[in-house]
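Laboratory data are not the source of any read-out in this text; all were calculated from the coordinates shown. All values derive from a computational prediction rather than experimental measurement. Cβ placement follows ideal geometry from the backbone for every residue including glycine, while neighbour counts extend to all protein chains displayed.
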Amino acid sequence: MNRRAIALTLLLSAAAGGAHAQSFIPDARSGGKLLLTGGVSTIEGSGGGGIATWATVTGYGEEDGVGGNAHATFIDLPDYQFRTAGVAIGLWDRVELSAARQEFDTGDTGALLGLGQGFTFTQDVIGAKVRLTGDAVYDQDRWMPQIAVGVQHKQNDQGAIITAVGGQDDQGTEFYVAATKLFLAQSVLVSGTVRYTNANQTGLLGFGGDANDDREAQFEGSVGWLLSRNLVVGAEYRTKPDNLSFASEDDWFDVYAAYAVNKHLSVTAAWADLGSIATFDDQRGVYISLQAGF
């Protein structure tokens, strides 16, 4: 049988047994995961959406391989700017290790807050995630999602300022459990994460406060719709603790689009609503993230 006949036979077989989503997503691993199914990079460096962590392991390495990425993210808000850059590695589609550095630039607002023009909070985040069970993509014959547990340790460089605003500590450790499922037939991804934390503004304003110092369970949710092999659109929601009496803290929300040029380069754009930050309300703006990896 010549190559053309073999190709025709494979095509007919796929058409007969494929679901609707297979017109968008190949049903073979082809040496790696499917496009976008490992997620992009969160603001804390882990694999997932932009503000919500997923149970998937970063990169395109399978159970016998290694994957990884580097990312840079920028959020432009009315009164602040947020920047983060980091790297992550996925080992055997089982373990993820990540590191990120975040910068929260107060710009002109720093002077109004008495901190000084362009005062910047910097935070380092080190994380680890382990997949416990399930496969978000390939276990299509079961409803069980992929489940992972993770830990992130965060260290802020502005301990004196954090103490002055009522924060209890400039470092903290968070724990989370995540569940993620891709429904290929519907081209829909759903993910939910419960994070055990006492972070103020994800740790940028420290951990614990004069109003509350206890860790509490917070929720991160994502939904995405695969419009094509390369493009996913969706929304995320993240609840936050409210520990500081000087300023209320709101939940976060975004709507996003992520486009994978190929398995080595992707770009994510979003409109993000971060609510009130350090007494300045209506912090809504554009989120841009670039990711390169394998």
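A Förster radius of 25 Å combined with the Cβ-Cβ distance from Arg101 to Ala160 puts the calculated FRET efficiency at roughly 0.80. In this label model, Arg94 and Val267 are separated by 3.8 nm, measuring between points 7 Å along each Cα→Cβ vector.
For Lys263, a cut-off of 19 angstrom between C-alpha atoms picks up these aspartates and glutamates, skipping any fewer than 8 places away in its own chain: Asp27, Glu62, Glu63, Asp64, Asp93, Glu96. The Cα atoms of segment 171-294 cover 48, 28, 26 Å along the three principal axes, with the biggest extent listed first.
Taking 7 Å steps out from each Cα toward its Cβ at Gln117 and His153 produces label points 3.9 nm apart.
Note on the chain: Cα convex hull, mean projected area over all directions, 14.9 nm². Any of Lys33/Lys240; Lys33/Lys154; Lys154/Lys181; Lys33/Lys181; Lys129/Lys154 with alpha carbons more than 25 Å apart? Name them for me. Violating the 25 Å limit, Cα to Cα: Lys33/Lys240; Lys33/Lys154; Lys154/Lys181.
Computed from the C-beta positions of Ser245 and Val66 and an R0 of 35 Å, the FRET efficiency is 0.15 to the nearest 0.05. Whole-Hz Karplus values for segment 109-126 come out as 5, x, 5, 5, 7, x, 9, x, 4, x, 4, 10, 8, 10, 9, 9, 10, 10 Hz, taken residue by residue from phi with 6.51 cos²θ - 1.76 cosθ + 1.60 and θ = phi - 60°; glycine and proline positions read x. FRET efficiency for Asp141 and Val233, Cβ-Cβ distance as r, R0 = 35 Å, nearest 0.05? With R0 = 35 Å, the Cβ-Cβ based efficiency is 0.85. Here the relative contact order of the chain, from alpha carbon pairs under 8 Å that lie six or more residues apart, stands at 16 percent.
Rounded to the nearest angstrom and listed largest first, the equivalent-ellipsoid semi-axes of segment 75-130 from its Cα gyration tensor are 33, 10, 7.
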